[in-house]
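Enquirer: Sharing a structure, written as structure tokens. Questions coming.
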Amino acid sequence: MTAIRDIAVKRIDGSETTLGAYAGDVLLVVNVASKCGLTPQYTALEAVFEAYRDRGFAVLGFPCNQFRGQEPGSEGEIAGFCSSTYGVEFPLFSKVEVNGPGRHPLYAALVQAVPEAQQNPTGEFRARLASFGHAPPPGDVFWNFEKFLIARDGSVVARFAPDLPPDHPLVTEAIRAQLAH
């Protein structure tokens, strides 16, 4: 299997790169969407990015339109929305598929490394979506704003449910623990 940092990804401006550009950093990889009930998490993602970026941390946003078409825009529209509405400065990438036969190799590696997300202990998000008939197969990304934490050595060390916001203590404590290494 290809190492996570060797997987090719495309920046939102269309230029090619790999996660090797972030070698040695702690990363929070998030599938994002502009028209989701969780879209306000952009504010917390940017705040966490700003709080820890000087310590070798980055948030990497991967737009995804697989969940009820909640990211329908072009890359330019997505970048403009994130910048003007939420002041996003963390890196954004081109749209990807996170589930199914078109799953991007990055997400294939992420879900293989950590098959289940840590759930929000006070959340009912999963049950609410299940009541609407949303029940992805085990291991699939559940919804927009699912988060994967990657250690400095490139290993995937945690996965957080969509309704566990990036500024929740469970997430920030995990980030700080990785930054301490």
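Enquirer: Here is a check on your reading of the model: is ALA79 under 26 Å from GLY139 (Cβ atoms) and hydrophobic (A, V, I, L, M, F, W, C)?
Expert: Numbers: under 26 Å from GLY139 (Cβ atoms): no; hydrophobic (A, V, I, L, M, F, W, C): yes.
Taking the combined requirement at face value, the residue does not satisfy it.
Enquirer: If you don't mind, there's one more thing I want to ask. Provide a single number: the residues in segment 144-171 that are polar (S, T, N, Q) and surrounded by 17 or more Cβ atoms within 10 Å (Cβ to Cβ).
Expert: Here is the first cut: in segment 144-171, the ones polar (S, T, N, Q) are 144, 155.
If we keep only those that are surrounded by 17 or more Cβ atoms within 10 Å (Cβ to Cβ) as well, we get 144.
Total meeting the criteria: 1.
Enquirer: While we're here: Which residues, counting only those in segment 84-139, are part of a helix (DSSP H, G or I), of a type in the set (S, T, N, Q) and out of contact with any Phe, Trp or Tyr (no Cβ under 9 Å at 6 or more places or on another chain)?
Expert: SER84, GLN112, SER131
Enquirer: Does GLU71 satisfy the condition of being modelled with pLDDT of 95 or more, outside any helix (DSSP H, G or I), surrounded by 16 or more Cβ atoms within 10 Å (Cβ to Cβ) and not aromatic (Phe, Trp, Tyr)? Step through it out loud before you land on a result.
Expert: Working: modelled with pLDDT of 95 or more: yes; outside any helix (DSSP H, G or I): yes; surrounded by 16 or more Cβ atoms within 10 Å (Cβ to Cβ): yes; not aromatic (Phe, Trp, Tyr): yes.
Spelling it out, GLU71 is indeed modelled with pLDDT of 95 or more, outside any helix (DSSP H, G or I), surrounded by 16 or more Cβ atoms within 10 Å (Cβ to Cβ) and not aromatic (Phe, Trp, Tyr).
The values are calculated or read from the model by the stated rules, or taken from the named source; none is laboratory data. In this text the structure is predicted, and so the values were computed from the model without any measurement. Methodologically, a virtual Cβ is constructed for each residue, glycine included, from the backbone with ideal geometry; neighbour enumeration extends over all protein chains shown.
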